[in-house]
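Reading through the C-alpha coordinates given below for one structure.
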Amino acid sequence: MLISTRRSVRSAATRSDTVSANVISLVSAALIVLVPSSISEASSAGLVTFAAVASSMTDREARAIAEAGEIANVVKNSDCFRDFIAKRKLVGTRGRTADEVAEDLRHVSGSVPVEFYFRCLGAMGGCGTAVAYRLPPDPTVYINRAYYRVGAPDFDLYELAGSLAHEAIGHALGGYEHSFDWTPLRDFSVPYSISGASRENDDAFRHCRAPLGFLTAATGPG
(Lines give C-alpha, C1' and ligand atoms only; values in the text may rest on other atoms or scores of the structure.)
Protein backbone atom coordinates (compact mmCIF):
# COMPACT_ATOMS: atom_id res chain seq x y z
CA MET A 1 0.00 0.00 0.00
CA LEU A 2 1.35 3.38 -1.05
CA ILE A 3 1.48 5.92 1.75
CA SER A 4 2.05 9.56 0.91
CA THR A 5 3.54 11.57 3.75
CA ARG A 6 4.90 14.98 4.49
CA ARG A 7 7.68 14.90 7.04
CA SER A 8 8.50 17.75 9.38
CA VAL A 9 11.34 20.09 8.49
CA ARG A 10 10.51 22.59 11.22
CA SER A 11 13.20 23.41 13.76
CA ALA A 12 12.93 24.88 17.22
CA ALA A 13 13.99 28.20 15.72
CA THR A 14 11.18 28.01 13.18
CA ARG A 15 8.60 27.32 15.83
CA SER A 16 9.87 30.19 17.97
CA ASP A 17 9.07 32.57 15.09
CA THR A 18 5.37 31.98 15.77
CA VAL A 19 3.62 35.19 16.69
CA SER A 20 0.64 34.85 19.01
CA ALA A 21 -1.67 37.78 19.71
CA ASN A 22 -5.32 38.52 18.95
CA VAL A 23 -5.09 36.41 15.84
CA ILE A 24 -8.63 35.48 15.01
CA SER A 25 -9.68 39.05 14.29
CA LEU A 26 -6.46 39.60 12.34
CA VAL A 27 -6.93 36.47 10.24
CA SER A 28 -10.53 37.41 9.48
CA ALA A 29 -9.51 40.93 8.54
CA ALA A 30 -6.68 39.67 6.34
CA LEU A 31 -9.05 37.34 4.49
CA ILE A 32 -11.59 40.13 3.91
CA VAL A 33 -8.94 42.46 2.53
CA LEU A 34 -7.03 39.90 0.47
CA VAL A 35 -9.78 38.04 -1.32
CA PRO A 36 -10.72 40.84 -3.74
CA SER A 37 -7.28 42.40 -4.16
CA SER A 38 -4.78 39.53 -4.37
CA ILE A 39 -6.59 37.06 -6.59
CA SER A 40 -6.35 37.79 -10.31
CA GLU A 41 -8.92 36.22 -12.60
CA ALA A 42 -10.93 35.41 -9.47
CA SER A 43 -13.85 34.06 -11.47
CA SER A 44 -11.67 31.30 -12.92
CA ALA A 45 -9.74 30.47 -9.74
CA GLY A 46 -10.72 27.17 -8.15
CA LEU A 47 -11.72 26.78 -4.52
CA VAL A 48 -10.92 23.76 -2.37
CA THR A 49 -13.24 22.63 0.41
CA PHE A 50 -11.52 21.04 3.42
CA ALA A 51 -14.23 18.88 4.97
CA ALA A 52 -13.50 18.22 8.64
CA VAL A 53 -14.46 14.68 9.71
CA ALA A 54 -16.18 15.52 13.00
CA SER A 55 -15.70 12.10 14.57
CA SER A 56 -11.90 12.52 14.47
CA MET A 57 -11.61 15.94 16.09
CA THR A 58 -12.91 18.43 18.60
CA ASP A 59 -15.09 21.41 17.67
CA ARG A 60 -12.06 23.65 18.15
CA GLU A 61 -10.00 21.55 15.76
CA ALA A 62 -12.83 21.61 13.22
CA ARG A 63 -12.88 25.42 13.38
CA ALA A 64 -9.11 25.44 12.88
CA ILE A 65 -9.49 23.31 9.73
CA ALA A 66 -12.14 25.70 8.39
CA GLU A 67 -9.99 28.77 9.04
CA ALA A 68 -6.81 27.15 7.71
CA GLY A 69 -8.75 26.07 4.62
CA GLU A 70 -9.78 29.66 3.95
CA ILE A 71 -6.15 30.75 4.25
CA ALA A 72 -5.03 27.96 1.91
CA ASN A 73 -7.46 29.15 -0.78
CA VAL A 74 -6.42 32.79 -0.42
CA VAL A 75 -2.74 31.88 -0.79
CA LYS A 76 -3.31 29.40 -3.64
CA ASN A 77 -5.25 31.92 -5.69
CA SER A 78 -2.94 34.89 -5.06
CA ASP A 79 -0.63 36.44 -7.62
CA CYS A 80 2.26 35.93 -5.17
CA PHE A 81 1.71 32.15 -5.18
CA ARG A 82 1.30 31.95 -8.95
CA ASP A 83 4.45 33.98 -9.61
CA PHE A 84 6.53 31.91 -7.17
CA ILE A 85 5.49 28.60 -8.78
CA ALA A 86 5.81 29.92 -12.34
CA LYS A 87 9.43 30.97 -11.75
CA ARG A 88 10.47 27.83 -9.84
CA LYS A 89 12.71 25.09 -11.26
CA LEU A 90 10.17 22.37 -10.63
CA VAL A 91 10.56 18.60 -10.90
CA GLY A 92 7.84 15.98 -11.27
CA THR A 93 5.55 18.28 -13.24
CA ARG A 94 3.91 15.57 -15.36
CA GLY A 95 5.35 17.15 -18.50
CA ARG A 96 4.14 20.67 -17.76
CA THR A 97 6.22 23.84 -17.68
CA ALA A 98 6.40 25.74 -14.38
CA ASP A 99 4.02 28.34 -15.80
CA GLU A 100 1.54 25.63 -16.77
CA VAL A 101 1.78 24.10 -13.29
CA ALA A 102 1.10 27.51 -11.74
CA GLU A 103 -2.00 27.92 -13.88
CA ASP A 104 -3.10 24.35 -13.15
CA LEU A 105 -2.85 24.91 -9.38
CA ARG A 106 -4.88 28.13 -9.67
CA HIS A 107 -7.74 26.12 -11.17
CA VAL A 108 -7.57 23.18 -8.72
CA SER A 109 -10.91 22.71 -6.96
CA GLY A 110 -12.83 20.01 -5.14
CA SER A 111 -13.51 18.67 -1.67
CA VAL A 112 -11.04 16.79 0.51
CA PRO A 113 -11.91 15.13 3.85
CA VAL A 114 -9.59 15.99 6.76
CA GLU A 115 -9.03 13.93 9.90
CA PHE A 116 -6.80 14.38 12.96
CA TYR A 117 -4.68 11.61 14.47
CA PHE A 118 -1.72 11.39 16.84
CA ARG A 119 1.61 9.65 16.27
CA CYS A 120 4.95 10.48 17.86
CA LEU A 121 7.89 8.08 18.02
CA GLY A 122 10.58 10.43 19.28
CA ALA A 123 11.38 11.87 22.67
CA MET A 124 13.34 15.10 23.06
CA GLY A 125 13.91 16.97 19.82
CA GLY A 126 10.93 15.87 17.74
CA CYS A 127 8.59 13.05 16.85
CA GLY A 128 10.30 11.66 13.77
CA THR A 129 6.93 11.02 12.18
CA ALA A 130 4.88 12.55 9.37
CA VAL A 131 3.24 15.95 9.77
CA ALA A 132 0.43 14.71 7.53
CA TYR A 133 -0.27 11.81 5.19
CA ARG A 134 -2.74 10.23 2.75
CA LEU A 135 -3.53 6.69 1.64
CA PRO A 136 -4.03 7.00 -2.15
CA PRO A 137 -6.37 6.75 -3.93
CA ASP A 138 -8.38 7.90 -0.90
CA PRO A 139 -8.10 11.73 -0.89
CA THR A 140 -8.48 12.03 2.91
CA VAL A 141 -5.76 14.14 4.52
CA TYR A 142 -4.65 12.98 7.98
CA ILE A 143 -3.15 15.73 10.18
CA ASN A 144 -0.86 14.75 13.05
CA ARG A 145 -1.76 16.34 16.41
CA ALA A 146 1.84 15.86 17.49
CA TYR A 147 2.67 18.84 15.27
CA TYR A 148 -0.64 20.73 15.25
CA ARG A 149 -1.93 21.06 18.80
CA VAL A 150 -4.81 23.46 18.33
CA GLY A 151 -4.90 25.91 21.23
CA ALA A 152 -1.27 25.36 22.29
CA PRO A 153 1.00 28.43 22.46
CA ASP A 154 3.10 27.17 19.55
CA PHE A 155 0.18 26.24 17.29
CA ASP A 156 0.45 28.03 13.94
CA LEU A 157 -2.73 28.25 11.87
CA TYR A 158 -0.83 29.35 8.77
CA GLU A 159 1.49 26.33 8.94
CA LEU A 160 -1.59 24.10 9.17
CA ALA A 161 -2.91 25.81 6.02
CA GLY A 162 0.38 25.01 4.31
CA SER A 163 0.18 21.33 5.24
CA LEU A 164 -3.40 21.14 3.99
CA ALA A 165 -2.33 22.75 0.72
CA HIS A 166 0.65 20.40 0.30
CA GLU A 167 -1.53 17.31 0.71
CA ALA A 168 -4.81 18.42 -0.88
CA ILE A 169 -3.78 20.88 -3.59
CA GLY A 170 -0.41 19.35 -4.41
CA HIS A 171 -1.30 15.67 -4.10
CA ALA A 172 -4.96 14.68 -3.78
CA LEU A 173 -6.51 17.18 -6.21
CA GLY A 174 -3.45 18.35 -8.14
CA GLY A 175 -2.13 14.86 -8.79
CA TYR A 176 1.56 15.71 -8.28
CA GLU A 177 3.92 13.40 -6.38
CA HIS A 178 7.40 13.26 -4.87
CA SER A 179 9.78 10.65 -3.54
CA PHE A 180 8.97 9.18 -0.12
CA ASP A 181 12.55 9.52 1.10
CA TRP A 182 14.49 12.77 1.06
CA THR A 183 16.51 13.60 -2.04
CA PRO A 184 18.22 16.89 -3.01
CA LEU A 185 15.46 17.52 -5.57
CA ARG A 186 12.42 16.71 -3.42
CA ASP A 187 12.05 20.33 -2.25
CA PHE A 188 11.46 21.24 -5.90
CA SER A 189 8.57 18.82 -6.39
CA VAL A 190 5.21 20.56 -6.77
CA PRO A 191 3.81 19.61 -3.32
CA TYR A 192 6.99 20.69 -1.50
CA SER A 193 7.19 23.84 -3.62
CA ILE A 194 3.70 24.65 -2.34
CA SER A 195 4.65 24.05 1.30
CA GLY A 196 7.13 22.01 3.30
CA ALA A 197 10.44 22.73 1.57
CA SER A 198 13.51 23.62 3.60
CA ARG A 199 14.16 27.26 4.45
CA GLU A 200 17.19 27.18 2.17
CA ASN A 201 15.06 26.24 -0.85
CA ASP A 202 11.93 28.16 0.23
CA ASP A 203 8.34 27.36 -0.74
CA ALA A 204 5.30 29.34 -1.89
CA PHE A 205 3.54 29.46 1.47
CA ARG A 206 6.63 30.69 3.31
CA HIS A 207 7.49 33.13 0.52
CA CYS A 208 3.99 34.64 0.42
CA ARG A 209 3.28 34.80 4.16
CA ALA A 210 4.49 38.36 4.72
CA PRO A 211 3.35 39.82 1.36
CA LEU A 212 -0.17 38.47 1.93
CA GLY A 213 -0.33 39.77 5.51
CA PHE A 214 -0.38 36.47 7.40
CA LEU A 215 2.58 37.01 9.73
CA THR A 216 0.19 37.12 12.71
CA ALA A 217 -2.04 34.22 11.63
CA ALA A 218 -0.69 32.06 14.41
CA THR A 219 -2.78 30.57 17.16
CA GLY A 220 -6.13 29.84 15.56
CA PRO A 221 -9.60 29.59 17.11
CA GLY A 222 -10.16 30.22 20.79
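The values are calculated or read from the model by the stated rules, or taken from the named source; none is laboratory data. All values derive from a computational prediction rather than experimental measurement. When we count neighbours, we look across all protein chains shown, and the Cβ atoms used for this are built from the backbone with ideal geometry, even at glycine.
Tabulated data for the structure shown
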read-out: Residues (hydroxyl-bearing (Ser, Thr, Tyr) and either crowded, with 24+ Cβ neighbours inside 10 Å or without any contact (Cβ under 8 Å) to a residue 60 or more places away in the chain (or both)) located in the stretch 177-191; value: 179, 183
read-out: Qualifying position, being closer than 25 Å to residue 183 by Cα, surrounded by fewer than 21 Cβ atoms within 10 Å (Cβ to Cβ) and within 19 Å of the chain's Cα centre (by Cα), among 93, 97; value: 93
read-out: Count - residues of the stretch 63-73 that are within 19 Å of residue 146 (Cα to Cα) and surrounded by fewer than 19 Cβ atoms within 10 Å (Cβ to Cβ); value: 1
read-out: Complete set of residues in the stretch 85-121 that are of a type in the set (S, T, N, Q) and either modelled with pLDDT under 95 or farther than 16 Å from residue 169 by Cα (or both); value: 97
read-out: Residues of the stretch 197-222 that turn out to be surrounded by 24 or more Cβ atoms within 10 Å (Cβ to Cβ), among the small types (Gly, Ala, Ser) and modelled with pLDDT of 95 or more, as a count; value: 1
read-out: Looking only at the stretch 51-66, and only at residues there that are outside any helix (DSSP H, G or I) and touching an Asp or Glu at 6+ places or on another chain (Cβ under 9 Å), the one that is farthest from residue 101 (Cα to Cα); value: 57
read-out: Within the stretch 125-222, helices (runs of 4 or more DSSP H) holding 2 or more residues that are of a type in the set (A, V, I, L, M); value: 157-164, 190-194
read-out: First in the stretch 37-60 and over 28 Å from residue 148 (Cα atoms), second anywhere and at pLDDT 95 or above and of a type in the set (Asp, Glu), Cβ under 6 Å, 6 or more apart; value: 40/79
read-out: Selection count where residues are touching a residue at least 60 places away in the same chain (Cβ under 8 Å) and of a type outside the set (A, V, I, L, M), scope the stretch 71-84; value: 5
read-out: Unique match (being under 13 Å from residue 71 (Cα atoms) and aromatic (Phe, Trp, Tyr)) among 176, 158; value: 158
